[in-house]
Amino acid sequence: MAYTFQKQIDFLLEYACPSIKYLVHRDMLNVPMNEPFMVALQNEILAQTNTQKHLSAQHPDGWFGHELHGIDGMDCHIGSLLNLGVEASHPAIQKAVTALLTPEIASTHKNWFRGGVALDAEGRGGDRAIVANILAMTKAPEDIPVYAEELSLAFEHLAAVLEYNSVDDFSIRGKNERYYKPHAKFPGANHIGILAATQGWRTDDNMKIAKAAIKHAYEIMKDVDEYITFKKPSEFGGGFVGPFNYNWQALKPLTEEQIVGIINSSYNFQFAFWLGSVTGVPDWIQQHNGTYEVLADMLDRNVIFNQIPKSALKAFKQVSGKEPNYRKKYATECDVLYAILRAVWGKV
């Protein structure tokens, strides 16, 4: 069934905040960013209190927040600004990229996270992967050395999947947890994320390998209900640290009953995290269209918002919220409506 979602778009353009209005015009209606009313919306976005909160976290040297990765990290502040509709070309974001790539500046801040060096040593997504992810988000040139190296490593991890037949081929079931075998390659969220955000690697041959590897990884992982952790080598102090695993289960098709179950999960953040994981999945990664068709039908029938418990709505605001003022009429509804519309846009 073909959907136009015109009613939903009209609602958002009437009641939503500048961020959502701008993103609808830019990403769904393909309005050029240099249109006068789009420039005006961009200025309104910059004046929003939630945008100002992130901008105020920038140091004079360009670094955002306290650390590289985390709630008060460079990746979080820059990602949040971009998600609010601030363009990557904005001077504050470009200044942050310069700070990130300038050792004399980056070294004066916590430009690392716990376990990052050990994860990098095994290509599992440490400090260097976070830097590359920020560069991908901000549409930086793909030939920047750390970016290009992480991109090449990401493709190596993806292609390696074709050598495996089961989860036991690249991981070990220990006494208390399952962890990656030493030096084993298998794509995590950081690897797939950087490949999804870039173009330079996409030759015809590489795309054939990528599609085959994703399909094979999905078949291996779709029913694996275990978190795979990373065991740090002894030279890095031993112990376990969690890498950025990809949510392969999110590629499985869901029924309406299963989606309602996620909405009403006892874990209040489940719906927000799940919706985020099924949003923006590139065609070469997507395995089924069923989830999007069901979501679109539910959206068209307007049967989602009223089923979301207040506790899940509160969690949703923390994870995916764009509205700066939840006292405003329809603010929460606009946040949820936009997120679902974005998830199904271009899929049905």
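When we screen 300, 283 for residues that are acidic (Asp, Glu) and without any contact (Cβ under 8 Å) to a residue 12 or more places away in the chain, the only hit is 283. Scanning region 168-222 for residues that are polar (S, T, N, Q) and either free of Cβ contacts under 8 Å to residues at least 60 places away in the same chain or closer than 30 Å to residue 238 by Cα (or both) yields 171, 176, 190, 199, 203, 206. Just give me the residues in region 254-277 being without any contact (Cβ under 8 Å) to a residue 40 or more places away in the chain and either closer than 23 Å to residue 126 by Cα or of a type outside the set (Phe, Trp, Tyr) (or both), in sequence order. Answer for region 254-277, where residues must be without any contact (Cβ under 8 Å) to a residue 40 or more places away in the chain and either closer than 23 Å to residue 126 by Cα or of a type outside the set (Phe, Trp, Tyr) (or both): 255, 257, 258, 259, 261, 262, 266, 277. Looking only at residues in region 297-348 that are out of contact with any Phe, Trp or Tyr (no Cβ under 8 Å at 6 or more places or on another chain) and acidic (Asp, Glu), the one that is farthest from residue 12 (Cα to Cα) is 297.
None of the figures in this text is laboratory data; all of them are computed from the coordinates on show. What you see is a predicted model; the values in this text were computed from it and never measured. Note that each Cβ is placed from the backbone with ideal geometry, even for glycine, and that neighbours are counted across all protein chains shown.
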